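The values are calculated or read from the model by the stated rules, or taken from the named source; none is laboratory data. The shown structure was predicted, so the numbers you read here are calculated from the model rather than taken from an experiment. Heads up, the Cβs are rebuilt from the backbone with ideal geometry, glycines too, and the neighbour counts pull from every protein chain shown. Each accessible area value is taken on the protein alone, full model and side chains, heavy atoms only, with ligands, DNA and RNA left out. Shrake-Rupley method; radii C 1.70, N 1.55, O 1.52, S 1.80 Å.
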Amino acid sequence: MWGLVPLFWPLLKPAGAVEILAHRMVWSLVFVGAALLVLRRWAWAGELLRQPRKLALITAAATVITVNWGLYIWSVNSGHVVEASLGYFINPLVTIGIGVLLLKERLRPAQWAAVGTGCVAVVVLTIGYGRPPWISLSLAFSFAAYGLVKKKVGLGGIESLAAETAIQFLPALGFLVWLTGQGDSTFTTEGAGHAALLASAGIVTALPLVCFGAAAIRVPLSTIGLLQYSTPVLQFLLGILYFHEEMPPERWAGFALVWLALTLLTWDALRTARRASRPLIGGIDAPGSTGATGTTSAALDTERVTSGPGPVDARP
């Protein structure tokens, strides 16, 4: 579903990107709020309101993801699907870079090689586009920053999305009311079908997240991390095969370097996860070996984050 999202945003024309974004914020809160009401999961809200630091972080996350969502909608509806998909391909490399620069994390040689290859790819793509791939870089950096903030918040996916859209709700609703007063809103002027499509932006945002939550408890985390690469792959293929965007040789070269970097990351993550699992396998029958499970699970989860394309709470 995340990979097929580029097919949805053009259906909302003639609404502009900002109007679509505002409707996405408003209707996402409605949909997620209804889901939480059915699940009776409201205890976290009271706890969050008593923690000003977490509220500030949620506000920062809402701000960053607003930029990410708005830019993605604009890029798809402006004919930049391929460049937008590149942003989610290079997101793991940007996330690693943030880990090194801000969190002082140490990289293994293969990770350094992947980051270096990614930097060369950006240079090649800059030459190919005749400008820096600013859409890709903006999407990658905003989503990586979102992941950094989310790491410090520690809320579940649905709960976090509810908190973020609650912060977005009033400004988005105010903008829609103002737009209607100006006579520029398409919600009431383009027919019931168009209004229903705008409202369904909330479902398009939240439903994949609900499915992810259901899958996360049934599928190994390392598998989920690899499956998440299908999102930018599908978006890239749609840009080439469905939207017929141009791909001259220099852009193919840049994308090939990015894919090489991701291959290095994935290989390194799988190798490290395999090494981490060996002590557990060897110690299953040993007395007092039950404590190894937590350590190995943590190592596997760390590798999933490294090998996957980034946070999953608020995909494009």
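Just the protein heavy atoms count here, and of the accessible area of the chain at 1.4 Å, carbon and sulfur take up 70 percent. Here the Karplus relation 6.51 cos²θ - 1.76 cosθ + 1.60, evaluated at θ = phi - 60°, turns the backbone of region 29-36 into coupling constants of 4, 4, 5, 5, x, 5, 5, 5 Hz, with x for every Gly and Pro.
Binning the alpha carbon pair distances of the chain at 10 angstrom intervals from zero yields the distribution 6, 24, 32, 24, 10, 3, 1, 0, expressed in whole percent.
Rounded to the nearest 20, the Cβ-based charge dipole of region 138-229 about its Cα centre (Lys and Arg +1, Asp and Glu -1) stands at 440 debye. Extension gain, R53-E246: 0.36 nm per intervening residue step, less the Cα-Cα distance, totals 64.9 nm. Charge dipole of region 1-101 (Cα centre as origin; +1 on each Lys and Arg Cβ, -1 on each Asp and Glu Cβ, all else neutral): 400 debye, rounded to the nearest 20.
Give the shape of region 24-113 as rounded, prolate or oblate, defined through the alpha-carbon gyration tensor: a ≥ b ≥ c are the square roots of its eigenvalues, a/c under 1.5 means rounded, and otherwise the shape is prolate if a/b is larger than b/c and oblate if not. Oblate. Over the chain, with a Gaussian network built from C-alpha contacts below 10 Å, which listed residue (S75, S85, S136) shows the highest mean-square fluctuation? Of S75, S85, S136, the Gaussian network model singles out S75 as fluctuating most.
For the options L37, L173, L270, a Gaussian network treatment of the chain with springs between C-alpha atoms closer than 10 Å singles out L37 as fluctuating the most. In the chain, a dipole from Cβ-located charges (positive for Lys and Arg, negative for Asp and Glu) runs towards its positive end, and of W44, F236, W2 it is W44 whose Cα lies farthest in that direction. Mean projected area of the convex hull spanned by the Cα atoms of region 128-215, taken over all viewing directions: 9.2 nm². Placing a pseudo-label 7 Å from each Cα along the Cα-to-Cβ vector at A199 and L260 gives an inter-label distance of 5.2 nm.
When shorter helices are ignored and each DSSP H run of at least 4 residues is given -39500 (n - 2.57), the per-residue value for the chain at 222 nm works out to -25000 deg cm²/dmol. Let's test the formula: R0 of 41 Å, r as the Cβ-Cβ distance of L237 and V177. What FRET efficiency results, to the nearest 0.05? That gives a FRET efficiency of 0.55. Placing dummy labels 7 Å off each Cα toward the beta-carbon, the span from A113 to L226 is 1.9 nm. Eigenvalues of the alpha-carbon gyration tensor of region 180-257, scaled by 5 and square-rooted, set the equivalent ellipsoid semi-axes at 33, 25, 9 angstrom, largest first.
Between the alpha-carbon centres of region 148-198 and region 1-76 there is a gap of 6 Å.
Within the straight-line cut-off of under 25 Å between alpha carbons, the lysines reachable from K104 are K54, K150, K151, K152, sequence neighbours fewer than 8 places apart in one chain being disregarded. In this label model, D184 and S78 are separated by 1.6 nm, measuring between points 7 Å along each Cα→Cβ vector. Charge dipole (Cα centre; +1 on Lys/Arg Cβ, -1 on Asp/Glu Cβ; no other charges) of the chain amounts to roughly 940 debye. Once the Cα-Cα distance is subtracted from the 0.36 nm per residue extended length, the L102 to R218 segment shows a gain of 38.4 nm. Remark: region 49-122 carries 43 Å² of accessible area per residue (probe radius 1.4 Å; ligands, DNA and RNA excluded).
Sorting the Cα pairs of region 23-68 by distance into bins of 5 Å, from 0 upward, gives 5, 18, 18, 25, 25, 9, 0 percent per bin. When the chain is treated as a GNM with alpha-carbon contacts under 10 Å, the residue of V204, V100, V26 showing the greatest mean-square fluctuation is V100. Once the Kirkwood radius over Cα pairs is known for region 162-208, the Stokes-Einstein relation at 4 °C and 1.567 mPa s delivers a diffusion coefficient of 109 µm²/s.
Each of A199, T165, A56 was scored by the projection of its Cα onto the charge dipole of the chain, and the greatest displacement toward the positive side belongs to A56; charges sit on the C-beta of Lys, Arg, Asp and Glu. Each of V18, L179, L262 was scored by the projection of its Cα onto the charge dipole of the chain, and the greatest displacement toward the positive side belongs to L262; charges sit on the C-beta of Lys, Arg, Asp and Glu.
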